[in-house]
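Beneath this line is the structure, given in structure tokens, with notes to follow.
The values are calculated or read from the model by the stated rules, or taken from the named source; none is laboratory data. The model shown is predicted, which means the values in this text are computed figures rather than measured ones. Cβ placement follows ideal geometry from the backbone for every residue including glycine, while neighbour counts extend to all protein chains displayed. Please note that ligands, DNA and RNA were not included when accessible areas were found on the heavy atoms of the full protein model with its side chains. Shrake-Rupley method; radii C 1.70, N 1.55, O 1.52, S 1.80 Å.
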Amino acid sequence: ARLRKCLFGMRQSGRLAADKLDTVMTKMGFTQLKTDPCIYTREGIHVAVFVDDLLLATANDGVRSAFITEFETHFAIRDYPDISSYLGMQIKQDETGIEISMPGYVEMLLQATGMSDCNSQSTPGEKGLRLSREDEAAPAE
């Protein structure tokens, strides 16, 4: 007899779950990014996938609600409309934009490298610096 559903703990369960998610997202009109297959996008919404966690990015509450309603027909979900942390990242959002930081990870790295007592700076780079692919790299000295 052939198994019709993947079982938790089986070798192929992760692959089968990813294939199922990909099938559902494609059916819902999403396209995977070529540069990062864990990100799906369609008009007005982006969805980042990490194992069984999804993070939605949209400025339109109607688009968000429609996605959740349709997605719930395929998977059981828990909805957290306002997040303050995700995968170890601290997320702050207001009218001016979104700020993402990883203070716990940075502290762990500092301790692991013996630098927890170093002289810290609140902004290690030039404030307001915008980087782009067109910028020429400075020659190494």
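Any chance you could count how many residues in segment 44-74 are in contact with a helix residue (DSSP H, G or I) (Cβ under 8 Å, 6 or more places away or on another chain) and charged (D, E, K, R)? Residues meeting the conditions: 1. Where residues in segment 98-127 are hydrophobic (A, V, I, L, M, F, W, C), open to solvent by 80 Å² or more (accessible area, probe 1.4 Å) and under 21 Å from residue 55 (Cβ atoms), which of them is modelled with the highest pLDDT? The residue in question is 100. When 77, 83 are checked against the criterion of being in contact with a helix residue (DSSP H, G or I) (Cβ under 7 Å, 6 or more places away or on another chain), open to solvent by less than 80 Å² (accessible area, probe 1.4 Å) and part of a loop (DSSP other than H, G, I, E, B), a single residue qualifies: 77.
How about segment 44-74: which of its residues are assigned to a loop (DSSP other than H, G, I, E, B), farther than 19 Å from residue 19 by Cβ and open to solvent by 90 Å² or more (accessible area, probe 1.4 Å)? Correct list: 59, 72. If you go through segment 19-41 and keep only what is farther than 23 Å from residue 100 by Cβ and exposed (fewer than 15 other Cβ atoms within 10 Å of the Cβ), you end up with 19, 20, 23, 26, 27, 29, 31, 34.
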